Amino acid sequence: MRTKLSKTEKMITCCGAALAAFLLLPGSANAMHIMEGYLPIGYSIAWGAACIPFLLMGFMRLRRTLQENRRSLILLAMSGAFIFVVSSFKIPSVTGSCSHMTGAGLSTILFGVGTASVLAIIVLIFQAILLAHGGLTSLGANTFSMGIVGPFFTVILYKAGKKMKINQSLNVFIAAAFGCILTYCVTALQLAIAYPSETGGFAASLVKFLGVFAPTQIPIAIVEGLLTVLVVMGMESFAKKELASISYMEEK
């Protein structure tokens with residue numbers, strides 16, 4: 001059950017967007033290269049600022065969902081655990097980054113982009129602290145790609161598939177798999193912006209990063225799509241009441 005924001009909540013979101021715009025203005029920040037994220041501090045702040053309005057909206061939607069439907073807590077916990085587990089298995093890909101599943105497709109399909117972004121940043125914080133996976137300085141960039149852009153495209157593909165009356169399992173697979181791939185397209189974009197090639201600049205760097213990611217990320221995305229389908233099928237078998245409480249069963 002995806003609830004609409006009240007006027008007050010919309011105002012808070014707009015304020016967050018204004019704060020993000022302010023923080024994104026060029027400043028005199030020192031271009032420090034942060035080891036754990038391999039991004040200059042200016043870029044780290046910019047990507048973090050870009051996440052603010054989405055996270056504010058997500059927190060408010062999450063709070064509203066829990067207030068109106070306590071049964072959804074089980075599905076939220078499962079979605080968060082799914083993100084944590086599948087995104088913890090990483091394969092080294094390029095300096096300063098790695099390839100892995102995102103797991104955000106499941107929460108996006110069930111609850112939408114806002115909730116998925118909140119779950120993603122919570123998982124990323126725990127992974128940075130407990131597993132040294134990612135980092136606190138790169139938290140904004142990682143959240144933007146994995147918790148915002150990936151889920152955004154996932155929900156677009158999922159809704160498009162429903163309108164086209166694609167088989168539900170196939171629709172979940174396509175949405176989750178391509179959401180994962182697009183997450184890493186954004187990661188490549190972020191790295192290319194921070195480290196343009198000496199020959200060819202940003203475009204050449206982007207092609208290079210995309211080319212390095214592709215051999216590992218495409219198979220990983222396929223696996224993520226299949227795992228998401230299996231988890232959804234399991235939920236449909238053993239958590240029908242919980243899925244019905246968020247109107248998922250009605251949307252099938």
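When you work out D = kT/(6 pi eta Rh) for region 80-179 at 20 °C and 1.002 mPa s, using the Kirkwood radius from C-alpha pairs as Rh and the Stokes-Einstein form, the result is 157 µm²/s. With the highest mean first, a sort of the peptides 177-183, 166-172 on other beta-carbon atoms found within 10 angstrom per residue produces 177-183, 166-172. Which of the three applies to region 120-202, rounded, prolate or oblate, going by the alpha-carbon gyration tensor with a ≥ b ≥ c and a/c under 1.5 meaning rounded? Taking the square roots of the gyration eigenvalues as a ≥ b ≥ c, region 120-202 is oblate. Each residue in GLU198, GLU242, GLU68, GLU224 was given a count of other beta-carbon atoms within 10 angstrom of its own, and listing them fewest first yields GLU198, GLU68, GLU242, GLU224.
Bear in mind that the values in this text are calculations on the coordinates, not laboratory data. Quick caveat: nothing in here was measured; it's all calculated off a predicted structure. Cβ atoms come from the backbone with ideal geometry, glycine included; neighbour counts cover every protein chain shown.
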